[in-house]
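What follows is one structure encoded as structure tokens, with my remarks underneath.
The values are calculated or read from the model by the stated rules, or taken from the named source; none is laboratory data. Because the structure is predicted, anything quoted here is derived from the model rather than measured. Positions of Cβ are generated from backbone atoms using ideal geometry, with glycine treated the same way; all protein chains shown enter the neighbour counts. Calculation scope for accessible area: heavy atoms of the full protein, side chains included, ligands and nucleic acids excluded. Shrake-Rupley method; radii C 1.70, N 1.55, O 1.52, S 1.80 Å.
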Amino acid sequence: MPSTGKVSLTRQTIYCFIPILDLYSAYKIKKLRWFLLIILGLGLTLSTIFGNLNPIEDDEEYAKKLLTPKMEINWEYAILGENPLLSIISIIIMDGAIYGTKVYVIRRWSKSWNANFEI
């Protein structure tokens, strides 16, 4: 249920880093739809950009490199692909951009929400 009074900026900021609670913090200040639109849009955009920079190989080549000669899964290749350095950099940039955006919009909207209840 949306808040009927002021919200704690500290709690709202902490909630940004916890899955599901980030959605709750946006719902509390009646901005859930905007929050989802912004975060999903940013995530899809960044995923498309970094997916084009580090594309996945064909299925047959990927399957051959995925299994070691002992028929074990090569987890580094499964998670990071052909270029691990680029994959790690893209993960750091995407997480930084998404979490930074979450904190910025939730804090901004929470301050605006709290301003509505000041006399």
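Take the range 3-25 and flag every residue that is hydrophobic (A, V, I, L, M, F, W, C) and under 15 Å from the mean Cα position of the chain (by Cα). Scanning the range 3-25 gives I14, C16, F17, I18, I20, L21, L23. Here Y77 meets the list (1) of a type outside the set (V, I, T); (2) modelled with pLDDT under 85; (3) not in a helix (DSSP H, G or I) almost entirely, failing just condition (3).
Which members of the range 37-64 meet the condition of being in contact with a helix residue (DSSP H, G or I) (Cβ under 8 Å, 6 or more places away or on another chain), surrounded by 14 or more Cβ atoms within 10 Å (Cβ to Cβ) and either modelled with pLDDT of 90 or more or assigned to a helix (DSSP H, G or I) (or both)? Don't jump to the end; show me each part of the working.
At the first step, the residues of the range 37-64 found to be in contact with a helix residue (DSSP H, G or I) (Cβ under 8 Å, 6 or more places away or on another chain) are 38-39, 42-43, 46-47, 50, 53-54, 56-57.
Filter once more, keeping what is surrounded by 14 or more Cβ atoms within 10 Å (Cβ to Cβ): 38-39, 42-43, 46, 50, 54.
Those that are in contact with a helix residue (DSSP H, G or I) (Cβ under 8 Å, 6 or more places away or on another chain), surrounded by 14 or more Cβ atoms within 10 Å (Cβ to Cβ) and either modelled with pLDDT of 90 or more or assigned to a helix (DSSP H, G or I) (or both): I38, I39, L42, G43, L46, F50.
Does L23 satisfy being part of a helix (DSSP H, G or I), more than 17 Å from R107 (Cα to Cα) and either open to solvent by 50 Å² or more (accessible area, probe 1.4 Å) or modelled with pLDDT under 95 (or both)? The answer is no for L23. Within the range 70-119, the set of residues being out of contact with any helix residue (DSSP H, G or I) (no Cβ under 6 Å at 6 or more places or on another chain), in contact (Cβ under 8 Å) with a residue 12 or more places away in the chain and aromatic (F, W, Y) comprises Y99, W109, W113, F117.
What about K102, is it among the charged types (D, E, K, R) and open to solvent by less than 80 Å² (accessible area, probe 1.4 Å)? Don't jump to the end; show me each part of the working.
Working: among the charged types (D, E, K, R): yes; open to solvent by less than 80 Å² (accessible area, probe 1.4 Å): yes.
Criteria met by K102.
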